[in-house]
Each structure stands twice: as C-alpha cells, then as structure tokens.
1. Inspect region 39-49 for any residue being assigned to a loop (DSSP other than H, G, I, E, B) and surrounded by 11 or more Cβ atoms within 10 Å (Cβ to Cβ) and give the result as yes or no.
2. Any chance you could count how many residues in region 44-69 are at pLDDT 85 or above and of a type in the set (A, V, I, L, M, F, W, C)?
3. Do you know which residues across region 59-91 are in contact (Cβ under 8 Å) with a residue 24 or more places away in the chain and in contact with a Lys or Arg (Cβ under 9 Å, 6 or more places away or on another chain)?
4. Please specify each residue of region 22-37 satisfying the condition of being surrounded by 10 or more Cβ atoms within 10 Å (Cβ to Cβ), out of contact with any Asp or Glu (no Cβ under 8 Å at 6 or more places or on another chain) and part of a helix (DSSP H, G or I).
Amino acid sequence: MQHAPPKSVVTRLKRIEGQVRGVSGMVEDGRYCIDILTQVQAIKAALGKVEDELLKNHAAHCVEEAIREGDAESQRQKFSELVDLFGRYRS
C-alpha cells in the first residue's frame with residue numbers, strides 16, 4: 001500500500017527547489033566558486049534530510065504493515081528493497 005509522505009517533505013522539497021534556482025542564478029552571475037559550493041553543500045544536506053524523512057515514513061508504514069500482517073513474502077520484499085537501497089549507497 002502507498003502512503004503519502006508527510007507535508008514536511010513537500011515543504012522541504014519546495015525549499016530545496018528554491019535553493020537550486022538560487023544556485024543556478026549564482027552560476028549565471030559568475031559568483032565566487034566557494035559561495036556556490038557552500039550553497040550546493042546546503043542543498044545536499046537538505047536532500048539528506050528529505051531522504052531520512054522518507055525512509056522513516058517507509059519504515060513506519062510499509063515495513064510496519066508487512067510485519068503486522070505477518071505476510072512472509074511481503075516482509076522479504078520490504079527487507080530486500082531496503083537492502084538494495086543501501087547497497088546503492090556503497091557504489
């Protein structure tokens with residue numbers, strides 16, 4: 001079952017969208033590289049927070065639901081999805 005992400009995720013993503021537009025403008029204006037890189041780091045940190053929130057939401061709803069229902073196949077699928085996701089981080 002699909003669960004809507006918390007409103008805070010959408011709010012964060014809209015803020016990040018604004019930050020990206022700001023960085024684009026900085027690049028177009030030829031701003032100092034360190035200032036641009038500082039903003040890029042802020043965007044990456046903000047995306048990390050979105051990722052954390054989405055992962056918590058997934059665990060709190062999808063994984064918890066599979067455990068509660070006792071469906072072994074669904075539990076294996078959810079576990080496999082998480083293993084695959086974290087495996088991509090190592091690359």
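1. There is no residue in region 39-49 that is assigned to a loop (DSSP other than H, G, I, E, B) and surrounded by 11 or more Cβ atoms within 10 Å (Cβ to Cβ).
2. 6
3. Within region 59-91, CYS62, GLU65 meet the criteria.
4. Answer for region 22-37, where residues must be surrounded by 10 or more Cβ atoms within 10 Å (Cβ to Cβ), out of contact with any Asp or Glu (no Cβ under 8 Å at 6 or more places or on another chain) and part of a helix (DSSP H, G or I): GLY22, VAL23, SER24, GLY25, VAL27, CYS33, ASP35, ILE36, LEU37.
The values are calculated or read from the model by the stated rules, or taken from the named source; none is laboratory data. None of the values given here were measured: they were computed from a predicted structure. Neighbour counts are summed over all protein chains in view; Cβ atoms, including those assigned to glycine, are modelled from backbone coordinates with ideal geometry.
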